[in-house]
Amino acid sequence: MSDQYVLEARSLVKEFKGFVAVDDVNLNIQKGHIHALIGPNGAGKTTVFNLLTKFLIPTRGKILFKGEDITPLKSAAIARKGMVRSFQISAVFPHMTALENIRVALQSFEGNSFSFWKSGASLNRLNERSMELLEAVGLTEFANTTTVELAYGRKRALELATTLAMEPEILLLDEPTQGMGTEDVDRVVELVRKAAQGRTVLMVEHNLSVVSKLCDRITVLAQGAVLTEGDYDAVSANPRVREVYMGTGSSGERGAVPEEEAAP
Amino acid sequence: MSQTDIQSDIQASILRQQKTENRRKLILNGVLLVLLLLAPFVLYPVFLMKILCFALFAVAFNLLFGFTGLLSFGHAAFLATGGYTTGYLLSNFSGLTTEMGIIAGTLVATLLGLGFALLSIRRQGIYFAMVTLALAQLVFFFFVQAPFTGGEDGMHGVPRGELFGLINLEDNLNMYYFVLAVFLGCYLLVQRIVSSPYGHVLKAIKQNESRAVSLGYKVDRYKILAFVISAALAGLAGSMKSVVFQLASLNDAHWHMSGEVILMTLIGGMGTLLGPVLGATLVVNIEYQLGQGPLRDWVDPILGGIFVLTVLAFRSGIVGEVQKFVRKNMG
């Protein structure tokens, strides 16, 4: 059973003072799947992400990675085990070049990160692998550009390349297409598809057309609890999901029935 | 041209750029070295040594503030601890040569730095500054009360002694070249640290801490190391200062001193190598020049005004602004 699932959450609960943000959430992420976590604003998607990667400490519950209980581990240790996350707001190192951004990730496994006496030139042997990763996300020509000068979509691509540099077994992507125009969205969809080869991906995503194109399985969260789980067709046909997304009677700012948004 | 060719082209150009930068650094260091070697023949050596000690103090502080992003408001504690320890040992144990006293002072400050770091490193931003300030105040009151420090009067008559038991440091020129050698060694060390693999991690932590965590870095450990190195160098500055002036005083432990080193670093340019050196030079000069004249009582308001001006108008400090200008007009 545990071989099948890379990542499991069991009865995960997060309480803030007088408020239950995540309520008894169970997740089973199957190996090789692209698994989406969707739900209306405030459903607790990002909180679940933060719990899984221990950026927040769960009040109760267990997290298993490849069957091993990783609940007591810290964020950095979890990343080293092969579970690497991205952030909703593009997480790059703004005053480093694109190449240096990747190198910092590669360096994480080099064992020289405390060597304050060594020359910086010792990092140059990571350049080649870094260039390959930049190539994979189409950023070759920006290798020597300071990241802060890159366009938004390229920053996200760089972030993805940096995450891939960690050779993660499971990628946790927090709204990878947030704030992007259609063209960039299509590019990211392709990137994620490429990155997911031989890996497992768990992603929070608002854009349901992205979800329908990419994801094998979908978990819908509402008010901190799992509403339903299934493939895209099953989930989008579920009347309760429609209700949550529509709101009752109000026109709803997201206001989309999954099927409609999924239309090309 | 194939994709691999383009890649290796870009890699080569990056390596070339690194080389040019290294050469520029080397030339700048060379010019600085010549100026500092000749300086005591033009200017009063004791004054120059004062500048060098404060410059080292600021360089040490900047490693933590400018390159790691941690604002310590308690660095006076390390300056004073280095100074008092060295002063006490050299005054009371005549068998000790000067460099042993200085090494001992530096070590004690390093240990104190480790203690500070362990207690404060998990706090963020303003809370980190407050914890370091509170700890430094504890150290201040310890030095006020401790019997060996001379309290408000300070510790006078610290013997300069002989370096390695050979070179007479009573001679101002000898003393100057010793201080200069130590300063340059530390400056080059910080330069190396900043560009080392470790320095790159510090940079990453400063620019986006949670991202560094998500890349598997245990950031607290990196910060603790930076804090300890910074405290060690600040202690070394204090140790040398007490030998140069033959005096360790309560001023060095006062929170005012922790503020002054922030001022020096900001004016000169935080996160640059030369910035704190220039900032320390300016502040020491302003204090000295104005202290002589009719504006004597206005030193603090004037420094305060410069501080406000820097923060409002030249946020990257003098060296930072010059670097920006050069990059804009020559790159």
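Just wondering, is there one or more residues in region B:173-195 that are modelled with pLDDT of 90 or more and touching a Gly at 6+ places or on another chain (Cβ under 7 Å)? Even if it seems obvious, please write down each step before you answer.
Of the residues in region B:173-195, the ones modelled with pLDDT of 90 or more are B:173-195.
From what's left, touching a Gly at 6+ places or on another chain (Cβ under 7 Å): B:193, B:195.
Yes, there is a match, as at least one residue in region B:173-195 is modelled with pLDDT of 90 or more and touching a Gly at 6+ places or on another chain (Cβ under 7 Å).
Given the condition assigned to a helix (DSSP H, G or I), in contact with an Asp or Glu (Cβ under 9 Å, 6 or more places away or on another chain) and surrounded by 15 or more Cβ atoms within 10 Å (Cβ to Cβ), answer yes or no: does some residue in region B:301-309 qualify?
yes
Mind listing whichever residues of region A:1-41 are in contact (Cβ under 8 Å) with a residue 40 or more places away in the chain, assigned to a loop (DSSP other than H, G, I, E, B) and touching a strand residue (DSSP E or B) at 6+ places or on another chain (Cβ under 9 Å)?
Initially, region A:1-41 is screened for residues in contact (Cβ under 8 Å) with a residue 40 or more places away in the chain, giving A:2-3, A:5-15, A:20-27, A:29-41.
Next, only the ones that are assigned to a loop (DSSP other than H, G, I, E, B) stay: A:2-3, A:31-33, A:39-41.
Listed by number, the residues that qualify are A:S2, A:K31, A:G32, A:H33, A:G39, A:P40.
Quick grid of which residues meet (1) assigned to a helix (DSSP H, G or I); (2) surrounded by fewer than 21 Cβ atoms within 10 Å (Cβ to Cβ):
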| position | (1), (2) |
| --- | --- |
| A:G111 | no, yes |
| A:A121 | yes, yes |
| A:S130 | yes, no |
| A:L134 | yes, no |
| A:N144 | no, yes |
| A:V148 | yes, yes |
| A:L158 | yes, no |
| A:T162 | yes, no |
| A:G179 | no, yes |
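If you check A:G67, A:G44, A:G39, which single one turns out to be touching a helix residue (DSSP H, G or I) at 6+ places or on another chain (Cβ under 7 Å), under 21 Å from A:S11 (Cβ atoms) and away from every other protein chain (no Cβ under 11 Å)?
The unique qualifying residue is A:G39.
Which helices (runs of 4 or more DSSP H) sit wholly inside region B:158-234 and have at least 2 residues that are aliphatic (A, V, I, L, M), more than 14 Å from chain A (Cβ to nearest Cβ) and under 21 Å from the mean Cα position of the chain (by Cα)?
Those helices (runs of 4 or more DSSP H) span B:172-195.
Just a yes or no: is a residue in region B:122-134 free of Cβ contacts under 8 Å to residues at least 60 places away in the same chain, more than 14 Å from every other protein chain (Cβ to nearest Cβ) and hydroxyl-bearing (S, T, Y)?
yes
When you scan region A:92-104, do you find a residue that is surrounded by 20 or more Cβ atoms within 10 Å (Cβ to Cβ), part of a loop (DSSP other than H, G, I, E, B), touching a residue at least 60 places away in the same chain (Cβ under 8 Å) and within 11 Å of another protein chain (Cβ to nearest Cβ), even just one?
Looking through region A:92-104, at least one residue is surrounded by 20 or more Cβ atoms within 10 Å (Cβ to Cβ), part of a loop (DSSP other than H, G, I, E, B), touching a residue at least 60 places away in the same chain (Cβ under 8 Å) and within 11 Å of another protein chain (Cβ to nearest Cβ).
Considering region B:65-100 alone, what residues qualify as being in a loop (DSSP other than H, G, I, E, B) and more than 21 Å from the chain's Cα centre (by Cα)?
B:F93, B:S94, B:G95, B:L96, B:T97
Could you give me the residue pairs with C-beta distances under 8 Å whose first residue belongs to region A:110-139 and is at the interface with chain B (Cβ under 9 Å from one of its Cβ atoms) and over 20 Å from B:S8 (Cβ atoms), whose second residue is surrounded by fewer than 16 Cβ atoms within 10 Å (Cβ to Cβ) and of a type in the set (K, R) wherever it lies, and which are 6+ apart or on separate chains?
A:F114/B:R221
Taking region B:160-183 as the search range and keeping residues that are among the polar types (S, T, N, Q) and without any contact (Cβ under 8 Å) to a residue 12 or more places away in the chain, which one is nearest to B:V42 (Cα to Cα)?
Among them, the one singled out is B:N174.
Quick one: would you say A:K62 is in the same structural domain as A:D24 (by TED's automatic domain parsing), surrounded by fewer than 22 Cβ atoms within 10 Å (Cβ to Cβ) and closer than 28 Å to B:H200 by Cα?
Taking the combined requirement at face value, the residue does not satisfy it.
Can A:E183 be described as facing chain B (nearest Cβ under 9 Å) and over 30 Å from A:N28 (Cβ atoms)?
Spelling it out, it is not the case that A:E183 is facing chain B (nearest Cβ under 9 Å) and over 30 Å from A:N28 (Cβ atoms).
Pairs only if they're at least six apart or on different chains, beta carbon under 8 angstrom, first in region A:181-196 and touching a residue at least 40 places away in the same chain (Cβ under 8 Å), second part of a loop (DSSP other than H, G, I, E, B); list them, first residue then second.
If the second residue must be part of a loop (DSSP other than H, G, I, E, B), the pairs left are A:R187/A:G138; A:L191/A:V137; A:V192/A:P176.
Can you tell me which condition A:V185 does not meet? The list is (1) at pLDDT 90 or above; (2) farther than 27 Å from B:K218 by Cα; (3) assigned by TED's automatic domain parsing to the domain that holds A:K66, and all the others hold.
Exception for A:V185: condition (1).
Please verify whether region A:75-86 includes one or more residues that are within 26 Å of A:V22 (Cα to Cα), part of a loop (DSSP other than H, G, I, E, B) and either more than 7 Å from chain B (Cβ to nearest Cβ) or not β-branched (V, I, T) (or both). Break it down into steps so the answer makes sense when it comes.
Keep residues of region A:75-86 that are within 26 Å of A:V22 (Cα to Cα), which gives A:75-86.
Imposing the further condition that a residue be part of a loop (DSSP other than H, G, I, E, B) reduces the set to A:82, A:86.
Cutting the leftovers down to either more than 7 Å from chain B (Cβ to nearest Cβ) or not β-branched (V, I, T) (or both) gives us A:82, A:86.
Looking for residues that are within 26 Å of A:V22 (Cα to Cα), part of a loop (DSSP other than H, G, I, E, B) and either more than 7 Å from chain B (Cβ to nearest Cβ) or not β-branched (V, I, T) (or both), one finds at least one in region A:75-86, hence yes.
For the structure I just gave you, tell me whether B:N62 is surrounded by 17 or more Cβ atoms within 10 Å (Cβ to Cβ), of a type in the set (S, T, N, Q) and within 25 Å of B:L278 (Cβ to Cβ).
So B:N62 passes the test.
The values are calculated or read from the model by the stated rules, or taken from the named source; none is laboratory data. All values derive from a computational prediction rather than experimental measurement. Positions of Cβ are generated from backbone atoms using ideal geometry, with glycine treated the same way; all protein chains shown enter the neighbour counts.
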